[in-house]
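A.B. asks: Questions regarding the structure given below will be posed in turn.
The values are calculated or read from the model by the stated rules, or taken from the named source; none is laboratory data. What you see is a predicted model, and the numbers here were worked out from it, not measured in a lab. With ideal geometry, Cβ positions are generated from the backbone for all residues, glycine too; neighbour counts draw on all protein chains shown.
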Ligand code: SF4
Ligand code: SF4
């Protein structure tokens, strides 16, 4: 885990992303040449958060939002909602503990142990407890 890369604007875990050998996420604006999240150019969540002058969707209402990634994917939404409730440091602490316990963020491509959920609260509980 590259803890220093932290949590992305959308809630996804740049610190654990399989792309993080080269990608620096989208938190540093105006550094396209440094390799961004592949989605940064068109990402609605990124654009919206910047417009609202927020550090990320976790400072907004991710659980009630259906923009961009949140229209289809529960993972970023649950991660952002977790960070809204408990803070990004607590999220990083839980992800680090879970990683040490063998829970894998990206097992194949960008799919891993946090992707097999269709209920927001269940995924939040899994992040917190490290078990289903
Ligand atoms: S560009 Fe969008 S999808 Fe990529 S890390 Fe940023 S907020 Fe998340
Ligand atoms: S939660 Fe939704 S409305 Fe709030 S900043 Fe993120 S994308 Fe925009």
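A.B. asks: Among the candidates 102, 41, which residue alone is free of Cβ contacts under 8 Å to residues at least 40 places away in the same chain, surrounded by fewer than 17 Cβ atoms within 10 Å (Cβ to Cβ) and within 13 Å of ligand 1 (Cβ to nearest atom)? If you could, list the steps in order and put the result at the bottom.
C.D. replies: Values: 102 fails: within 13 Å of ligand 1 (Cβ to nearest atom).
Criteria check complete, one pass: 41.
A.B. asks: Still on this structure, I have one more. Out of 127, 103, I need the residue that is modelled with pLDDT of 95 or more and in contact with a helix residue (DSSP H, G or I) (Cβ under 7 Å, 6 or more places away or on another chain). Which one? Spell out how you get there, then give the answer.
C.D. replies: Values: 103 fails: in contact with a helix residue (DSSP H, G or I) (Cβ under 7 Å, 6 or more places away or on another chain).
Exactly one residue qualifies, and that residue is 127.
A.B. asks: Separate question: Please go through the range 70-92 and give me each residue that is at pLDDT 95 or above and within 13 Å of ligand 2 (Cβ to nearest atom), ordered by number.
C.D. replies: 70, 71, 76, 77, 78, 79, 80, 81, 83, 84
A.B. asks: Also, I was wondering about something else. In the range 114-124, what residues are farther than 16 Å from residue 61 by Cβ and under 14 Å from the mean Cα position of the chain (by Cα)? Can you show your working first?
C.D. replies: Keep residues of the range 114-124 that are farther than 16 Å from residue 61 by Cβ, which gives 114-119, 122-123.
If the condition is that a residue be farther than 16 Å from residue 61 by Cβ and under 14 Å from the mean Cα position of the chain (by Cα), then 114, 115, 123 are the ones that fit.
A.B. asks: Could you grab me the full set of residues in the range 62-76 that are under 20 Å from residue 116 (Cβ atoms) and not in a helix (DSSP H, G or I)?
C.D. replies: 72, 73
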